[in-house]
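Enquirer: Have a look at this one.
The values are calculated or read from the model by the stated rules, or taken from the named source; none is laboratory data. All figures in this text were calculated on a predicted structure; none of them were measured in a lab. Cβ atoms come from the backbone with ideal geometry, glycine included; neighbour counts cover every protein chain shown.
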2 protein chains.
Amino acid sequence: MPLDSWSDGETRSAIHDFVDRVTDEGGPDYVEPAARVAVFDNDGTLWCEKPMPIQLDFTIRRLAELAAEDASLRDEQPFKAAYEKDVHWLGAAMVKHYQGDDADLRLLMGAVTRAFDAVTVEDYDAQVVSFFGDASHPTLGLPYRGCAYQPMVELLDHLDDHGFTTYIASGGDRDFMRPVAGDLYGVPPERVIGSALGLTYIDEGTTTSLMYKAAMDFFDDGPEKPVRIWSRIGRRPILAVGNSNGDLPMLAYAGTDTTPSLRLLLLHDDADREFDYVAGAEEALATAKRQNWTVVSMKDDWSSVFAGGDA
Amino acid sequence: MPLDSWSDGETRSAIHDFVDRVTDEGGPDYVEPAARVAVFDNDGTLWCEKPMPIQLDFTIRRLAELAAEDASLRDEQPFKAAYEKDVHWLGAAMVKHYQGDDADLRLLMGAVTRAFDAVTVEDYDAQVVSFFGDASHPTLGLPYRGCAYQPMVELLDHLDDHGFTTYIASGGDRDFMRPVAGDLYGVPPERVIGSALGLTYIDEGTTTSLMYKAAMDFFDDGPEKPVRIWSRIGRRPILAVGNSNGDLPMLAYAGTDTTPSLRLLLLHDDADREFDYVAGAEEALATAKRQNWTVVSMKDDWSSVFAGGDA
């Protein structure tokens, strides 16, 4: 059923109205299928990002593995925190980041590029698949692979059924999402846009491969999102879905004065079923109000939250 | 008709055999549709690149326009050569490039980034469409939009009919190809991979846009091709088509020891209908011979050359 996990109300109607308008051949707002491009943020928009982004948990486990293999790393942050399961240090790094102090987060990002240096894209893919095979959310009582939002999965399906092409445009690492985006969201790897580690081409005569470099290529957040969307798609989206300040440029870029557009901003206001927070979304919420974008209340607009069943 | 402009012979059979094998459900070489990824170089592979790349002609016209507007540019290369239609200087720049001296070509590339600085992606698109509306090849007696190779257009169609997804992976500028790749090849913008100028996101309150910066983002040639193919697609191709040394890594990357693959290298050996040259392809031809890749002879394997009719 289309949008079954969405409660009856203005938000659900806004989505149905928009899809009806742009698919009404002969109507004033008709948009050809090729131009029906929809972009979705991932962390906090398609899947849960609290108490920490899923990728951060994956990364910490990898850092702990490296520290287990190499004792000399155990005195060095963030390896030390990862090895000692020092949730306090890691949590503080995220809090400081939201307060504008990125020193610890940069330490963490530096460790990430070191942790996957010289790993091939296929090996990384296998590590990600293995992680999602058994890792669980620390508080929700769900496996991570059950932490996708069921209403968003239904929205992706609904758009797909109406000739849209959906893309993920996330600040998270592109190659961390690709191995699972098909199962979780029905989005194939070529439609996953995200941050990227640099890659090196290796030719060993009879075999060729691509390996990650110990350096970021780009961080797909804020004003970089429209740039990466254009680079990949070559079209301006007409629908964008996000949840934070980092999604603002992507939301603003979806549509022009003369084309129909829909912007959805997910508000996390559901402490019972998920989390209740606005930190990192203040500016986005203010802009949504000013520009009449559609704010999705998790609490009021979603009758169920998780694809894996609510806890 | 499939591959109608291909002459009967080993090359045409090699293509048919490969497509048959990977689409034979239950056969040992069957490849699922999602993994049937084919990548094509553009200049000299899908359209004519002699006596100069089509994009170079477009650029020279733009430089001449700028020099016509600003007299101070007329003493400075490459604006001077463009303004004076000094084909000799421009030709020499290309010859020097093939001989390993890139000084003049770098001057030219520097001017390109200056020529399109602060142009929006939509304006650039319109300039490209306008150029292809009337510009003609200097010697073949064809409009540039008629300079696509008909056999390659048929090959793209044939692959499309058999569940492949085709991409252009070119050293040429991505956004120069996108506006015409649909009409010429049936390839939509999201499947055009190429070199990229840097982009800046501009938010002017009620309108948003993307503008080119006076700097390259990356040059999609040689070992950068597999990197950009993975970045965009997230899969390893099983079929690659190229014509020069810059395509070698892309050709080598298409396939592994355990997966079926087809590599096609186009040999320009047809002075009567197109051009006869191996400069810039020596290493690719030697590798093709050593690795048993399929060399396509324009002269022997193609019964007609141009989509716009042979001259």
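Enquirer: Among the numbered criteria (1) of a type in the set (A, V, I, L, M, F, W, C); (2) buried (at least 20 other Cβ atoms within 10 Å of the Cβ); (3) touching a residue at least 40 places away in the same chain (Cβ under 8 Å), which one does residue B:214 miss?
Expert: (2)
Enquirer: Filter the range B:46-73 down to the residues that are among the aliphatic types (A, V, I, L, M) and touching a Gly at 6+ places or on another chain (Cβ under 9 Å) and list them by number.
Expert: Within the range B:46-73, B:52, B:54 meet the criteria.
Enquirer: Look at the range A:162-183 and say how many of its residues are aliphatic (A, V, I, L, M) and farther than 15 Å from residue A:125 by Cβ. Before you say what the answer is, go through the steps one by one.
Expert: Of the range A:162-183, the ones aliphatic (A, V, I, L, M) are A:168-169, A:177, A:180-181.
Still in the running and farther than 15 Å from residue A:125 by Cβ: A:168-169.
So the count comes out to 2.
Enquirer: Tell me whether the range B:26-41 contains one or more residues that are outside the structural domain of residue B:232 (by TED's automatic domain parsing), of a type in the set (Asp, Glu) and in contact with a Lys or Arg (Cβ under 7 Å, 6 or more places away or on another chain).
Expert: Taking the range B:26-41 as the starting set, the residues that turn out to be outside the structural domain of residue B:232 (by TED's automatic domain parsing) are none.
Checked the range B:26-41: no residue is outside the structural domain of residue B:232 (by TED's automatic domain parsing), of a type in the set (Asp, Glu) and in contact with a Lys or Arg (Cβ under 7 Å, 6 or more places away or on another chain).
Enquirer: Filter the range B:55-93 for residues that are of a type in the set (A, V, I, L, M, F, W, C) and not in a helix (DSSP H, G or I) and give the result. Give the derivation first.
Expert: Step one: filter the range B:55-93 for residues of a type in the set (A, V, I, L, M, F, W, C), giving B:56, B:58, B:60, B:63-64, B:66-68, B:71, B:73, B:79, B:81-82, B:87, B:89-90, B:92-93.
Within the range B:55-93, none qualify.
Enquirer: Take residue B:179 and tell me if it is within 14 Å of residue A:233 (Cα to Cα), surrounded by fewer than 22 Cβ atoms within 10 Å (Cβ to Cβ) and touching a residue at least 24 places away in the same chain (Cβ under 8 Å). Lay out the reasoning, then the answer.
Expert: Values: within 14 Å of residue A:233 (Cα to Cα): yes; surrounded by fewer than 22 Cβ atoms within 10 Å (Cβ to Cβ): yes; touching a residue at least 24 places away in the same chain (Cβ under 8 Å): yes.
Yes; evaluated as a whole, the condition is true for this residue.
Enquirer: Applying the selection to the range A:15-29, what residues are in a helix (DSSP H, G or I) and loosely packed, with under 15 Cβ neighbours inside 10 Å? Quick ask: steps written out before the conclusion?
Expert: Applying the first criterion (in a helix (DSSP H, G or I)) to the range A:15-29 yields A:15-23.
Those that are in a helix (DSSP H, G or I) and loosely packed, with under 15 Cβ neighbours inside 10 Å: A:16, A:17, A:20.
Enquirer: Still on this structure: For the range A:116-145, enumerate the residues that are touching a Ser or Thr at 6+ places or on another chain (Cβ under 9 Å) and within 16 Å of residue A:46 (Cα to Cα).
Expert: Within the range A:116-145, A:142, A:143, A:144 qualify.
Enquirer: Tell me the residue from A:51, A:2 that is at pLDDT below 95 and either in contact with an Asp or Glu (Cβ under 8 Å, 6 or more places away or on another chain) or of a type in the set (Ser, Thr, Tyr) (or both), please. Explain how you work it out, then say what you get.
Expert: Details: A:51 fails: either in contact with an Asp or Glu (Cβ under 8 Å, 6 or more places away or on another chain) or of a type in the set (Ser, Thr, Tyr) (or both).
Result: A:2 is the single residue among A:51, A:2 that is at pLDDT below 95 and either in contact with an Asp or Glu (Cβ under 8 Å, 6 or more places away or on another chain) or of a type in the set (Ser, Thr, Tyr) (or both).
Enquirer: Restricting to the range A:240-252, what's the tally of residues that are touching a Phe, Trp or Tyr at 6+ places or on another chain (Cβ under 7 Å) and crowded, with 24+ Cβ neighbours inside 10 Å?
Expert: Here is the first cut: in the range A:240-252, the residues touching a Phe, Trp or Tyr at 6+ places or on another chain (Cβ under 7 Å) are A:241, A:249, A:251.
Checking the rest, the ones that are also crowded, with 24+ Cβ neighbours inside 10 Å come to A:241, A:251.
Qualifying residue count, the range A:240-252: 2.
Enquirer: Can you pull out the residues in the range A:30-88 that are farther than 21 Å from residue A:177 by Cα, of a type in the set (Lys, Arg) and surrounded by fewer than 17 Cβ atoms within 10 Å (Cβ to Cβ)?
Expert: Selection gives A:74, A:80, A:85.
Enquirer: When residue B:109 is evaluated against the numbered criteria (1) out of contact with any Gly (no Cβ under 7 Å at 6 or more places or on another chain); (2) within 14 Å of another protein chain (Cβ to nearest Cβ); (3) on the phi < 0 side of the Ramachandran plot, which criterion, by number, is the only one it fails?
Expert: (2)
Enquirer: Filter the helices (runs of 4 or more DSSP H) completely within the range B:218-295 down to those with at least 2 residues that are within 25 Å of residue A:178 (Cβ to Cβ) and in contact (Cβ under 8 Å) with a residue 24 or more places away in the chain. Walk me through it before giving the result.
Expert: Details: elements: B:224-233, B:248-253, B:282-291.
Of the helices (runs of 4 or more DSSP H) lying wholly inside the range B:218-295, those with at least 2 residues that are within 25 Å of residue A:178 (Cβ to Cβ) and in contact (Cβ under 8 Å) with a residue 24 or more places away in the chain span B:224-233, B:248-253.
Enquirer: Sticking with this structure for a sec: When you scan the range B:214-237, do you find a residue that is polar (S, T, N, Q) and either under 30 Å from residue B:137 (Cβ atoms) or facing another protein chain (nearest Cβ under 9 Å) (or both), even just one? Spell out how you get there, then give the answer.
Expert: Start the filter on the range B:214-237 by keeping residues that are polar (S, T, N, Q), which leaves B:231.
Filter again for either under 30 Å from residue B:137 (Cβ atoms) or facing another protein chain (nearest Cβ under 9 Å) (or both), leaving B:231.
Within the range B:214-237, one or more residues are polar (S, T, N, Q) and either under 30 Å from residue B:137 (Cβ atoms) or facing another protein chain (nearest Cβ under 9 Å) (or both).
Enquirer: Scan the range A:197-244 for residues that are among the acidic types (Asp, Glu) and farther than 30 Å from residue A:268 by Cα and report the count. Step through it out loud before you land on a result.
Expert: Within the range A:197-244, the first condition is being among the acidic types (Asp, Glu), and the residues that meet it are A:203-204, A:217, A:220-221, A:224.
Applying the additional criterion that residues be farther than 30 Å from residue A:268 by Cα yields A:203-204, A:217.
Counting residues in the range A:197-244 that are among the acidic types (Asp, Glu) and farther than 30 Å from residue A:268 by Cα gives 3.
Enquirer: Of everything in the range B:89-147 that's at pLDDT below 95, of a type in the set (D, E, K, R) and under 27 Å from residue B:280 (Cα atoms), which residue is surrounded by the most Cβ atoms within 10 Å (Cβ to Cβ)?
Expert: Once the filter is applied, the top-ranked residue is B:104.
Enquirer: Let me ask something else. Is it true that some residue in the range B:36-54 is in contact with a strand residue (DSSP E or B) (Cβ under 9 Å, 6 or more places away or on another chain) and assigned to a helix (DSSP H, G or I)?
Expert: Keep residues of the range B:36-54 that are in contact with a strand residue (DSSP E or B) (Cβ under 9 Å, 6 or more places away or on another chain), which gives B:36-50, B:53-54.
If we keep only those that are assigned to a helix (DSSP H, G or I) as well, we get B:54.
Checked against the condition, which is being in contact with a strand residue (DSSP E or B) (Cβ under 9 Å, 6 or more places away or on another chain) and assigned to a helix (DSSP H, G or I), the range B:36-54 yields at least one hit.
Residue by residue, here is whether (1) within 27 Å of the chain's Cα centre (by Cα); (2) closer than 24 Å to residue A:258 by Cα holds:
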{"residue": "A:4", "(1), (2)": "yes, no"}
{"residue": "A:9", "(1), (2)": "yes, no"}
{"residue": "A:18", "(1), (2)": "yes, yes"}
{"residue": "A:21", "(1), (2)": "no, yes"}
{"residue": "A:27", "(1), (2)": "no, yes"}
{"residue": "A:30", "(1), (2)": "no, yes"}
{"residue": "A:39", "(1), (2)": "yes, yes"}
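Enquirer: Just to be sure I understand, how many residues within the range B:121-172 are part of a helix (DSSP H, G or I) and either charged (D, E, K, R) or free of Cβ contacts under 8 Å to residues at least 60 places away in the same chain (or both)?
Expert: First, the residues of the range B:121-172 that are part of a helix (DSSP H, G or I): B:121-134, B:144-146, B:150-161.
Checking the rest, the ones that are also either charged (D, E, K, R) or free of Cβ contacts under 8 Å to residues at least 60 places away in the same chain (or both) come to B:122-123, B:125-126, B:129-130, B:132-134, B:145, B:154, B:157, B:160-161.
Going through the range B:121-172 one residue at a time, the tally reaches 14.
Enquirer: While we're on this one: Within the range B:254-265, is there a residue that is surrounded by fewer than 18 Cβ atoms within 10 Å (Cβ to Cβ) and away from every other protein chain (no Cβ under 14 Å)?
Expert: Initial filter on the range B:254-265 (surrounded by fewer than 18 Cβ atoms within 10 Å (Cβ to Cβ)): B:256-260.
With the extra rule that they be away from every other protein chain (no Cβ under 14 Å), the set shrinks to B:260.
Yes, that holds for at least one residue.
Enquirer: Would you tally the residues in the range A:50-82 being more than 19 Å from residue A:137 (Cα to Cα), in contact with a Leu (Cβ under 8 Å, 6 or more places away or on another chain) and among the polar types (S, T, N, Q)?
Expert: Summing the residues that are more than 19 Å from residue A:137 (Cα to Cα), in contact with a Leu (Cβ under 8 Å, 6 or more places away or on another chain) and among the polar types (S, T, N, Q) in the range A:50-82 gives 1.
Enquirer: Quick one: count up the residues across the range B:173-200 that are assigned to a helix (DSSP H, G or I) and either among the β-branched types (Val, Ile, Thr) or away from chain A (no Cβ under 12 Å) (or both). Full working, then the answer.
Expert: Here is the first cut: in the range B:173-200, the ones assigned to a helix (DSSP H, G or I) are B:174-185, B:189-191.
With the extra rule that they be either among the β-branched types (Val, Ile, Thr) or away from chain A (no Cβ under 12 Å) (or both), the set shrinks to B:180, B:183-185.
Matching residues across the range B:173-200 total 4.
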